[in-house]
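Here's the structure, in structure tokens; my notes come after.
The values are calculated or read from the model by the stated rules, or taken from the named source; none is laboratory data. Because the structure is a prediction, the values reported are computed rather than measured. Cβ atoms come from the backbone with ideal geometry, glycine included; neighbour counts cover every protein chain shown. In case anyone asks, the SASA skips ligands and DNA or RNA and just uses the protein heavy atoms, side chains included. Shrake-Rupley method; radii C 1.70, N 1.55, O 1.52, S 1.80 Å.
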Amino acid sequence: AQSVTQLGSHVSVSEGALVLLRCNYSSSVPPYLFWYVQYPNQGLQLLLKYTSAATLVKGINGFEAEFKKSETSFHLTKPSAHMSDAAEYFCAVRDSSASKIIFGSGTRLSIRP
Amino acid sequence: NAGVTQTPKFQVLKTGQSMTLQCAQDMNHEYMSWYRQDPGMGLRLIHYSVGAGITDQGEVPNGYNVSRSTTEDFPLRLLSAAPSQTSVYFCATRGDPGDYGYTFGSGTRLTVV
């Protein structure tokens, strides 16, 4: 069965510092992987997705993620954190039936001034 | 273009009451789904539909019913509310079957007392 594991339920970084949110996946088929962001009291918004094309995927708001098959990882990064990046971030993988996606438990990102 | 509209935004129910959470979309998306979000558990799929007249269960379907009579609407019914159903509920849609970027509504926060 497909699954994703997000390492760290809460990450705190200083404004201007590197953001690194970790996600490892398990998939019995070539994976489609996603990162979503949820701002307080809002629904989820797609940040970026990997669908077997380029392994380095660029998304909105300066975020990017790299698919590493050897490490079964799909970590999310941003070179310089901004206060507006404070939110909860979810990694997700497409189910093998292709009928749904499965979410990780989420990582809350806090930004220190 | 409203996207995905969920109503109500907030609801308090007494144990045993029934209610319907509404989800409407104006993007002509065939795929619609319901998730519940609980702290530390990410989002879990309740039910989904790949088109009008077709529904299927997700990972946590017990206590919930759905139907899909039109492309636009996908209501979620709680038959007899229980405190364990206290959660935030999200409706999500998907357009192109090959594009797994979901569009989320802003959620319904339900409390069962």
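Backbone phi angles across segment A:83-96, fed through the Karplus curve with coefficients 6.51, -1.76 and 1.60 (θ = phi - 60°), yield HN-Hα couplings of 4, 6, 7, 4, 4, 9, 10, 10, 8, 8, 10, 6, 5, 5 Hz in residue order; Gly and Pro are listed as x. For segment A:1-100, a crude dipole built from +1 on the beta carbon of Lys and Arg and -1 on the beta carbon of Asp and Glu, taken about the Cα centre, is about 280 debye to the nearest 20.
Just reorder B:50, B:12 by solvent-accessible area, largest first, 1.4 Å probe, all chains present. Before the final figure, lay out the partial values.
Details: B:50 75, B:12 95 Å².
So the residues, ranked largest to smallest area, are B:12, B:50.
Put a dot 7 Å past the Cα of residue B:5, heading toward its Cβ, do the same for residue B:22, and the two dots end up 0.8 nm apart.
Taken over the protein assembly as shown, lysine pairs spaced eight or more positions apart, or on distinct chains, with alpha carbons under 22 Å apart number 11.
Mean per-residue shielding of peptide B:53-60 is 1, counting Cβ atoms of other chains within 10 Å of each Cβ.
Computed about its Cα centre, the charge dipole of the protein assembly as shown is approximately 420 debye, with only Lys, Arg, Asp and Glu carrying charge at their Cβ.
Extending 7 Å from Cα along the Cβ direction at residue B:96 and again at residue A:77 yields two label points whose distance is 2.8 nm.
Quantify how strongly other chains surround peptide A:29-42 by giving the mean number of their Cβ atoms within 10 Å of each of its Cβ atoms.
2
Looking at segment A:48-100, the GluC sites (Glu not before Pro) that sit in a DSSP loop and have at most 13 other Cβ atoms within 10 Å of their own Cβ are A:71. The H on the amide N of residue A:47, modeled in the peptide plane, is under 5 Å from the matching H of A:35, A:36, A:37, each at least 5 residues off or on a different chain.
One Cα centroid belongs to segment A:60-113, the other to segment B:16-59; the line between them spans 23 Å.
Taking GluC sites (Glu not before Pro) across segment B:22-84, the ones in a DSSP loop with at most 14 further Cβ atoms lying within 10 angstrom of their Cβ are B:59.
Scanning chain B for trypsin sites (Lys or Arg not before Pro) in DSSP loops with at most 14 neighbouring Cβ atoms within 10 Å leaves B:15-113 as the longest stretch between them. What is the calculated FRET efficiency for residue B:59 to residue B:82, with r their C-beta to C-beta distance and R₀ = 22 Å, to the nearest 0.05? For residue B:59 and residue B:82, the calculated efficiency is 0.80. Only one residue of A:35, B:18, B:40 has its Cα farthest out toward the positive end of the dipole of the protein assembly as shown, where Lys and Arg carry +1 and Asp and Glu -1 on Cβ, and that residue is B:40. The relative contact order of chain A, computed from alpha carbon pairs under 8 Å that lie at least 6 residues apart in sequence, is 38 percent.
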